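What follows is one structure encoded as structure tokens, with my remarks underneath.
Only the coordinates and a few stated rules stand behind these numbers; no lab work does. Remember, it's a predicted structure, so these values are computed and weren't measured experimentally. Positions of Cβ are generated from backbone atoms using ideal geometry, with glycine treated the same way; all protein chains shown enter the neighbour counts.
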Amino acid sequence: MKAYLLDPAVAQYVLAHTTAPDPLLDELAKETLSVTGDAAGMQISPDQGTFLTMITQLVAPQVVVEVGTFTGYSSVCIARGLSGGRLHCFDVSDEWTSIARRYWREAGVEDRVTLTLGPALETLAAFDQTVDLAFLDADKGNYPGYYELLMERLRPGGLIVADNTLRRGHVADPAHEEQTTVEIRQFNDLVMEDPRVTVLMLPVADGMTLIRKN
Ligand SMILES: C[S@@+](CC[C@H](N)C(=O)[O-])C[C@H]1O[C@@H](n2cnc3c(N)ncnc32)[C@H](O)[C@@H]1O
């Protein structure tokens, strides 16, 4: 569990009272760590996975977009929440998403997932479907560009979930000038100033922002 923002005892309590991942997700997390090493820290945490399945079930989307798939943890969680819709994944890495593709098969969701490889600013620009739900979890400097492309495609009432929006809490410390923190701060301000949306920032894991198009 990524519990940067919680007292350790509270984090344990939250973990004990949140539906745990199944063996397939545990296996995916283990394989990701052994194959990708430090990069495994990019994977969403199990509680975020439960959140993504639940939010997908609640929104009941026909078209979901994920920007940033990595080895597939979040996409398996989203795909499992679908009932009849389709998940469109965007990533640049053939190597990392080849692991995702294997887990989509093992999870029995491969028939409802499409993967497009390439820089997502370009591949998303070529995506011409109306989007009901999006999960944004790729390179942080391009969040504003992805956001605008998603907003152009999102239906009124549709939802964007953006990950890592608190950067371990660093965004709230003006003295913290690390590049990604600055980029995320700019993204958070951009969303907050956008009159088209209603915004809820959740202090879950590394910060998840729910952005609803009005
Ligand atoms: C934080 S990881 C995604 C983690 C994933 N959601 C999960 O739960 O395991 C970020 C992903 O964004 C991808 N990425 C980075 N820059 C990108 C770009 N310009 N276009 C598309 N994908 C990109 C990386 O290849 C990486 O797989």
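Things worth noting here:
- Looking only at residues of the range 117-135 that are within 25 Å of residue 50 (Cβ to Cβ) and more than 9 Å from the ligand (Cβ to nearest atom), we find that the one that is nearest to the chain's Cα centre (by Cα) is 134.
- For the range 35-74, a tally of residues being within 10 Å of the chain's Cα centre (by Cα) and of a type in the set (Asp, Glu) returns 1.
- Test: residue in the range 92-111 that is within 26 Å of residue 14 (Cβ to Cβ), aliphatic (A, V, I, L, M), more than 11 Å from the ligand (Cβ to nearest atom) and buried (at least 24 other Cβ atoms within 10 Å of the Cβ): no
- Of the residues in the range 155-166, at least one is more than 24 Å from residue 1 (Cβ to Cβ) and under 18 Å from the mean Cα position of the chain (by Cα).
- Of all residues in the range 83-95, those that are in contact (Cβ under 8 Å) with a residue 24 or more places away in the chain and among the charged types (D, E, K, R) have Cβ atoms under 6 Å from Cβ atoms of residues that are assigned to a helix (DSSP H, G or I) and away from the ligand (no atom under 12 Å from the Cβ), 6 or more apart or on another chain, in 86/112.
- Filtering 157, 118 for residues that are in contact with a Lys or Arg (Cβ under 9 Å, 6 or more places away or on another chain) and surrounded by fewer than 14 Cβ atoms within 10 Å (Cβ to Cβ) leaves a single hit, 157.
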